[in-house]
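> Structure provided below as structure tokens; questions to follow.
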Amino acid sequence: MGNKREVVALIPVREGSQRVKQKNFKPFSNEKSLLNLKIKQLQDADCFDKIYISSDSDLAKDIAHDEGASFLYRDSYMCGHEARLYEYNNYMLNTIPGDPIVAWTMTTAPLFDDYMSVVSKYLSLDVKSHDSLITVIPHNGFLVDVNAKPINCSFGHWHLLTQELRESYEITGGVYMAQKSDQLKWSYWFGPKAYLYQTSKIKSIDVDDDEDFKIAEILHSSVNK
């Protein structure tokens, strides 16, 4: 038991949302909110030593208290739009005690709940081959830029079928996971040798705007009816 590696979940939330007003706190499907749902999913997985909520919001603090999660205060500047990604990521990491394995678990991935499987996979990884873990889904579509120029294919009589495209993956917002000290070293969620944990299209849905929110509500209601 003394060799057990500490694994914690980190949920970063803020009240300000540019696309969906009060996204993390308003009712979602039959749940109190996206934040309440995420805490419940993490608790049900029963694979984390601690569940941390990082925010400057009193609403988030109250929800953390009510749901039995730990609250980590985040400076208001680190919740705003002026701070750079590496700044507020490192700030949040530095508020976590010790040097545990940190799983970033986003409220914007309300259909993702495979945390026990993710943690088990991470703990089984060969550290020489993989330094972190991220959730992905296979990408097998044609991409073009803003000028309709092909990114991952060529147009013409040599046009490939989708199954002939080079194997590629899309990163989802399900989980980013690595040792805290490594994340601080990289100033990022994951490293150059990340393990690609494949999830399903349904569980990969990301809530970024009002339409995403409505789609996620419908899927959540359907899956959990």
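> Carbon and sulfur: what percent of the chain's accessible surface (1.4 Å probe)?
So the carbon and sulfur contribution to the accessible surface is 50 percent.
> Turning to a different aspect of this structure: Taking the Cβ of ARG5 as the center, what net charge do the other residues with Cβ under 12 Å away carry, scoring Lys and Arg +1 and Asp and Glu -1?
Once positives and negatives cancel, what remains is -1.
> Still on this model: Points 7 angstrom from Cα along the Cβ direction at LYS185 and ASN90: gap in nanometres?
1.5 nm
> Name the residue farthest towards the positive end of the dipole of the chain from the options THR162, SER222, LEU111, assuming +1 on Cβ of Lys and Arg, -1 on Cβ of Asp and Glu, about the Cα centre.
It is THR162.
> Can you give the relative contact order of the chain as a percent, counting alpha carbon pairs under 8 Å and 6+ residues apart? Before the final figure, lay out each step's value.
Details: 376 pairs, mean separation 52.7, N = 225.
Once normalised by length, the contact order is 23 percent.
> With charges only on Cβ, +1 for K and R and -1 for D and E, what is the dipole size of the chain about its Cα centre, in debye, rounded to 20?
260 debye
> At a Förster radius of 30 Å, what calculated FRET efficiency corresponds to the Cβ-Cβ distance of THR162 and SER70, to the nearest 0.05? Could you put the intermediate results ahead of the total?
Working: r = 45 Å, r/R0 = 1.50.
Efficiency, from the Cβ-Cβ distance: 0.10.
> Then there is this: For region 158-225, report the accessible area per residue in Å² (1.4 Å probe, heavy atoms, rounded to an integer).
63 Å²
> Can I ask one more? Amide H to amide H, which residues 5 or more places from HIS130 or on other chains are under 5 Å from it, using H placed in the peptide plane?
Result for HIS130 returns nothing.
> Amide H neighbours of THR172 under 5 Å, at least 5 residues apart or on other chains, H built in the peptide plane: list them.
For THR172, the qualifying residues are THR135, VAL136, ILE137.
> Just to verify a number: FRET efficiency for LEU59 and LYS225, C-beta to C-beta distance, R0 = 35 Å, to 0.05?
0.80
> So what is the accessible area of region 10-93 per residue, in Å², with the probe set to 1.4 Å?
Working: 4280 Å² over 84 residues.
With the other protein chains kept in place, region 10-93 gives 51 Å² per residue.
> Starting from 0.36 nm per residue, how many nanometres of slack lie between GLU211 and ASP126 once their C-alpha separation is accounted for?
Numbers: separation 85, 0.36 × 85 = 30.60 nm, distance 3.99 nm.
Net length gain for the segment: 26.6 nm.
> Which residues' amide hydrogens lie under 5 Å from the amide hydrogen of LEU10, considering only partners 5 or more residues apart or on another chain, with H built in the peptide plane?
The list, which skips near neighbours in sequence, is TYR52, ALA103, TRP104, THR105.
> With +1 on each Lys and Arg Cβ and -1 on each Asp and Glu Cβ, and nothing else charged, work out how big the dipole of region 63-102 is about its Cα centre, in Debye to the nearest 20.
100 debye
The values are calculated or read from the model by the stated rules, or taken from the named source; none is laboratory data. Note that the structure is predicted; figures quoted are calculated from it, not measured. Every residue, glycine among them, receives a Cβ derived from its backbone with ideal geometry; neighbour counts consider all protein chains shown. Areas reflect the complete protein model, heavy atoms only, side chains present, ligands, DNA and RNA absent. Shrake-Rupley method; radii C 1.70, N 1.55, O 1.52, S 1.80 Å.
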